[in-house]
Every structure is written in C-alpha cells, then in structure tokens.
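To start, the structure under review is shown below, and the notes come after it.
Values in this text are rule-based calculations from the coordinates and carry no lab data. Since we're looking at a predicted model, the values are computed, not measured.
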Amino acid sequence: MKKHYYNEYITEICDNKHLNVDEIYGIVKVKFPEAWKSSIYRNVENLVKKWELKKVEWIGKKSYFEKAKNEHIHLIDVDSWKIIDIDIENELLFKNLPKNFKLESIDIKIFGKFE
C-alpha cells in the first residue's frame, strides 16, 4: 500500500480522539495488515506538517495526535493522562497580541488532577 492510502484513514480515526502512534498503528493494522509501524509514523508526521493532524506532546510522555480543528486548550489529567479539549475564543484570549502578529497555532496545556 502506498502511504497516501493510510493518510485518509489515519485522519479519520484521529477525529475527536487523542491517539499515540502505537494506538494509531494498532487500528490501521486491522484494516491494512501489510502496514508497517515506521510507515504509519511517517504518515502521521507528514499529516502534522500538512496541518491535517495536530500533535500534542510534552517532555517525558508520548506524543498524541488529533484531527486538526479549531484552536483549543488541552486539560491533561496527570493520573490517567487523559486529554480533554476546551474550546477558546481567539479574540478574547489573545486581544493584546501585536497587530502585525498573525496567529497560526496555539499550544496550551494545563496539567492537573480531577477530584
């Protein structure tokens, strides 16, 4: 299989989910048994470069991927590492940015525990 066949499926399975490469590979492997993990990793990184997937990463932990959508903040539970999306309104949160600064992407992570 050529890598572009995986791209559409990877984007589809990452819609409204935060999956790491191992999880993505496990799902893709069911539909495409001939898939190699290295190929899936390259496809995922390619989709990030093309802004079709968003990469959520932090030091010492795995990177997770989600289908690119509106800008949002990630709440991360440090006990379970569950990631929850919180939508934001750019105009309100970033009203003091310099006028000549074009916002391209937001990467805000808030770590904590749910009680």
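Working from Cα pairs under 8 Å separated by at least six residues, relative contact order for the chain is 24 percent. Here is the tail figure for the stretch 3-67: Cα pairs spaced more than 18 Å apart come to 25 percent of all pairs.
Please report the antiparallel percentage of the DSSP beta bridges confined to the chain, to the nearest 5. Provide the component values of the computation, followed by the final result.
Details: 10 of 15 bridges.
Once the DSSP bridges in the chain are tallied, antiparallel ones form about 65 percent.
Below 8 Å, C-alpha to C-alpha, sequence gap of six or more: please give me the relative contact order for the stretch 72-112 in percent. Walk me through the numbers before you get to the answer.
On the way: 43 pairs, mean separation 23.7, N = 41.
The value is 58 percent.
Over 13 Å apart: what share of the alpha carbon pairs of the stretch 72-112 falls there, rounded to a whole percent? Summing the P(r) of the stretch 72-112 above 13 Å gives 59 percent of all pairs.
What is the stretch 3-67's relative contact order, in percent, from Cα pairs under 8 angstrom and six or more apart in sequence?
Details: 78 pairs, mean separation 28.6, N = 65.
RCO, the stretch 3-67: 44 percent.
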